[in-house]
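The values are calculated or read from the model by the stated rules, or taken from the named source; none is laboratory data. Small disclaimer: the values here were computed from a predicted structure and weren't measured. Note that we place each Cβ from the backbone using ideal geometry, even for glycine, and neighbour counts take in every protein chain shown.
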Amino acid sequence: MTTMNAVAEAVREAAVAAARAVDRLGVRNGNENEHGEDSGNNGNNLGHLERPMTLATFLKVKPPKFKGTLVATDADNWFLAIERSLRAQHVPEGQHVEFATYMLEGEAEHWWQGIQRLLQQDEGDIPWNTFKDEFYKKYFPRAARDAKEMELMQLKQGNTTIAEYARKFDDLCRFSKICQGNPADFEEWKCLKFEGGLREELMNSVVPLEIRNFAELVNKSKLVEECSKKAAIARADRREASRRDLIQNLAPQGRNFKFNGQFDRQNRNQRNGNFLARNNGNYDNNNLGEEEGGQSQQTQDISVCSRCGKDHGNRACRYGTHTCFSCGEYGHISRNCPKGLFEIQPGHNNKEGFLP
């Protein structure tokens, strides 16, 4: 009887174990989708990390392609982007090189085919770190990284805005050996370096604040820059107002005065007209000046005829009368004078006998 009871107990335990196994199998099948991939219902979600992933699944995130470049930062940007894509799809580490190199095209693809033959002599998988070292050795060598670090050390704000300066500063920091590891270890260094590159008028306002958080430092610098711009505009407006007041005070009294240089232009044109009038009078008078009639320049300017615009002294103006300038008779000109007289009257063209 005891033996039969022991056998029955063993059968019941076997049945319970079989039922539990069936239950576990059903749960596992429920967590997999129609493509055999884990649906994510498992609490610890570790099954999909252990199974290989198909290339089609990886391409769903549209990872970037790389055709090769002469710009080192472009190569670095691509590598960082492909790493994000691999992490986003939870690609197993053993497939990182396979999927990443699938995105190489053109010159980059030819380069990798040659490197792959050298690295796979033992037919084993190429580690991700090995691919990374070879990629950076080709497209972002140490000399290029050193040049970027030197550019960071010499970076100044110059004529750029705070936003542009901070963007360039952050971009160069990722290539610096100082800015590697835990950000808290080099946060103060970044702040000091950033302050040292600011323009003098901004530096004088920002440095006394002693900000040692980089994000806060950039925001405060932007505020100071904005206030500085507003102050500069206000100063310019005050200078312009002072200049206008000065010009108004210097304007002649009792005249219609307009700004923007109109009064100055009128005075200047008037002076030029007087100067030309005096010169024309001197030229037509054969530059006789004070030698003819003993009159001064001022007297000649006053005695200019209002009818012909010339200076002919005390003689009557014969302009337009068709009168001989030699004998004074009407009907002929001086060159055809029957009396044979030919007298030059100042201020007139005696070749024709009268002014046209």
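Among residues belonging to the stretch 181-211 that are outside any helix (DSSP H, G or I) and in contact with a Lys or Arg (Cβ under 9 Å, 6 or more places away or on another chain), point out the one that is surrounded by the most Cβ atoms within 10 Å (Cβ to Cβ). Applying the filter and picking the extreme gives Leu198. When Ala75, Ala56, Ala147 are checked against the criterion of being without any contact (Cβ under 8 Å) to a residue 24 or more places away in the chain and under 32 Å from the mean Cα position of the chain (by Cα), a single residue qualifies: Ala147.
Just one of the numbered conditions (1) at pLDDT below 90; (2) surrounded by 11 or more Cβ atoms within 10 Å (Cβ to Cβ) is not true of Leu276: (2).
Checked against the criteria, Leu217 does not count as assigned by TED's automatic domain parsing to the domain that holds Met150, under 15 Å from Ile162 (Cα atoms), buried (at least 16 other Cβ atoms within 10 Å of the Cβ) and within 22 Å of the chain's Cα centre (by Cα).
Let's see how each residue does on (1) within 30 Å of Glu225 (Cα to Cα); (2) aromatic (Phe, Trp, Tyr):
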| position | (1), (2) |
| --- | --- |
| Ile115 | no, no |
| Trp128 | no, yes |
| Phe131 | no, yes |
| Pro141 | no, no |
| Arg145 | no, no |
| Met150 | yes, no |
| Met153 | yes, no |
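Hey, any hits in the stretch 129-150 for a residue that's assigned by TED's automatic domain parsing to the domain that holds Thr69, buried (at least 16 other Cβ atoms within 10 Å of the Cβ) and among the β-branched types (Val, Ile, Thr)? Within the stretch 129-150, not a single residue is assigned by TED's automatic domain parsing to the domain that holds Thr69, buried (at least 16 other Cβ atoms within 10 Å of the Cβ) and among the β-branched types (Val, Ile, Thr). Looking across Gly94, Gly114, one residue alone is without any contact (Cβ under 8 Å) to a residue 12 or more places away in the chain and more than 33 Å from the chain's Cα centre (by Cα). It is Gly114. Residues that are under 26 Å from Ala100 (Cα atoms), among the charged types (D, E, K, R) and not assigned by TED's automatic domain parsing to the domain that holds Ala75 do occur in the stretch 157-175.
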